């Protein structure tokens, strides 16, 4: 894919994510997807991204030497994540020691409810139209899941606020 086509696709996805309010969730999902490549297989086996708090990436890791190892490399991790995301998304990484850090996946890894179960045909069509230009199958599926999750979340919020009235 040419650089200009990739840049255009990136701009389309960013504007769609911003319009739907899913940019942060998309960044979290993409960071989780890329973590093994960024941190390395061995480090990733002992750590998991737990979410973004502003521009600080929270990473849960097994206690002991893994805290020191990941802390020493966090600047390189942030640089590589930002390079892959095409912007300054992560400015700091907070390494948090937790027993069994890798056994409990972060919230962004939970299997979402299938899109068909809660989204209208129009909403599913909007998602499919938005992700259709993404050539990478894994990235396309991640974007599809994040957009669907965000739309379902907004519906739950709207339904909750109607019930509270």
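Values as computed for the structure displayed
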item	result
Residue check for residue 93: in contact with a helix residue (DSSP H, G or I) (Cβ under 9 Å, 6 or more places away or on another chain) and at pLDDT 90 or above	yes
Which numbered condition residue 11 misses (of (1) out of contact with any helix residue (DSSP H, G or I) (no Cβ under 6 Å at 6 or more places or on another chain); (2) modelled with pLDDT under 85; (3) surrounded by 12 or more Cβ atoms within 10 Å (Cβ to Cβ))	(3)
Any hit, segment 123-131, residues being over 17 Å from residue 36 (Cα atoms), out of contact with any strand residue (DSSP E or B) (no Cβ under 9 Å at 6 or more places or on another chain) and either modelled with pLDDT under 80 or assigned to a loop (DSSP other than H, G, I, E, B) (or both)	no
Near pairs, Cβ below 7 angstrom, 6+ apart or cross-chain, from segment 21-41 (without any contact (Cβ under 8 Å) to a residue 12 or more places away in the chain) to any residue that is part of a helix (DSSP H, G or I) and surrounded by 20 or more Cβ atoms within 10 Å (Cβ to Cβ)	23/17
Residue 31 in contact with a strand residue (DSSP E or B) (Cβ under 8 Å, 6 or more places away or on another chain) and over 30 Å from residue 155 (Cβ atoms)	no
Selection count where residues are in contact with a helix residue (DSSP H, G or I) (Cβ under 8 Å, 6 or more places away or on another chain) and either at positive phi or outside any helix (DSSP H, G or I) (or both), scope segment 133-162	2
Residue match in segment 19-35 (condition: surrounded by 15 or more Cβ atoms within 10 Å (Cβ to Cβ) and more than 26 Å from residue 144 (Cα to Cα))	no
Boolean, residue 57 is at pLDDT 85 or above, closer than 28 Å to residue 150 by Cβ and touching a strand residue (DSSP E or B) at 6+ places or on another chain (Cβ under 8 Å)	yes
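The values are calculated or read from the model by the stated rules, or taken from the named source; none is laboratory data. Treat the numbers as computed from the prediction; the structure is a model and nothing was measured. Neighbour counts run over all protein chains shown; Cβ positions are idealised from the backbone, glycine included.
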